[in-house]
Amino acid sequence: MTDAENPEAFLPLPSATLHILVALTAGEKHGYAIMRDVEALTDGAVRMGPGTLYGSIKRMLADGLIEEAAERPDPEPDDQRRRYYRLTGLGERLCALELARLEALVRRAGSPEWARRRVPRLREA
Amino acid sequence: MPDRSTTRRHQALYRALMVLYPRAFRARYADPMVQLFGDQVRDFGARMWLRAVPDLARTVPTQRIEATMAHLSSGARVLTLAFVVLGATVVAISFGGGASLVIALAVVVVLVTQRHHFASIPFGDRAPLRHAVVQVWWAPVAGLLGALMVVFGIGTIFEAQNWGGRIVGSSLMMAFGFAMLFGLMRRPFDRQSGNTLILLATIPPLLFFWVIVPPLMAIIVWIGVLQGGFSDDRVVPAAR
């Protein structure tokens, strides 16, 4: 079975990959727009540099999670060197799966059953 | 916030640092990365360097390792590397000088790690070293012979008795060695010119007939070249 048929094989996603996928769920974007959206989504907690961003983009393109968009939805005067990216079907599925996995994790970590199993010093938290 | 010309200066400096990344990564992403960095400087000023420098320090090694691992996944490349290092070591030790050994190994390391600078320009985006090895049975022998001549040429700089030998002799030997390696890389793309370079490069080892091993290797190369056909239609290697 290929990775495209079995998106669970990608999970859990690296942090940068997940943030880029989430940023692209709002539509196709260029690198700087992705970076700004990731900062906004995380209240500035995640700040990617150009190398981190494009290193992740390189791997995501290779894995078929995103693709380069031919058209430029937001043309600007100095726009020639920009590349726009958008989610593929696999990227969308994977993003949804990873978010569901994290939601489940947060739900279980906050459940009363799990609270009883915490070590005493963490029960107050 | 910086004006346009200041932003351009920051971008120029950042672009210069792009050389740290592997060539393939740079070719694809340098422009958008520089553009992105310019946007950051335009919006937030020169303090973006405080983010860019740690980002470079973190991602350059990662990309370098990824690029190297991609190359090492080819068994043929590993074999080539092993032949070159073995040849260089043998020749350097035979000179008996620690300096020769260190220099020879350093040159080999530079040649191997930076091979794309030498190999990519005339041949498109193929993998010349891999094709050099997999194309025919005698290619590893020719590759070893070429590498030996290069290393021998380097050693001659230090070992020759006079400046003529040091400069002319070493230059000639290195030129023939590089011609052999160049011919090997050229051959899968243009058989006739590749074979011409390879056979011309066998002249020095054939001249040193009393050393036995190099002329034998040269004869093997001649047999291989002539057996496979000196010229042919343009050969296009299979895609990776």
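All conditions but one from (1) at pLDDT below 90; (2) within 12 Å of chain A (Cβ to nearest Cβ) apply to B:Arg26; the one that does not is (1).
Scanning the range A:21-56 for residues that are in a helix (DSSP H, G or I) and touching a residue at least 60 places away in the same chain (Cβ under 8 Å) turns up A:Leu21, A:Val22, A:Leu24.
For the subset of the range A:16-33 comprising residues that are within 12 Å of chain B (Cβ to nearest Cβ) and over 15 Å from B:Gly38 (Cα atoms), which member is surrounded by the fewest Cβ atoms within 10 Å (Cβ to Cβ)? Once the filter is applied, the top-ranked residue is A:Ala16.
The values are calculated or read from the model by the stated rules, or taken from the named source; none is laboratory data. A quick note: this is a predicted structure, and the numbers were derived from the prediction, not measured. No Cβ is skipped: glycine too gets one built from the backbone with ideal geometry, and neighbour counts run over all protein chains shown.
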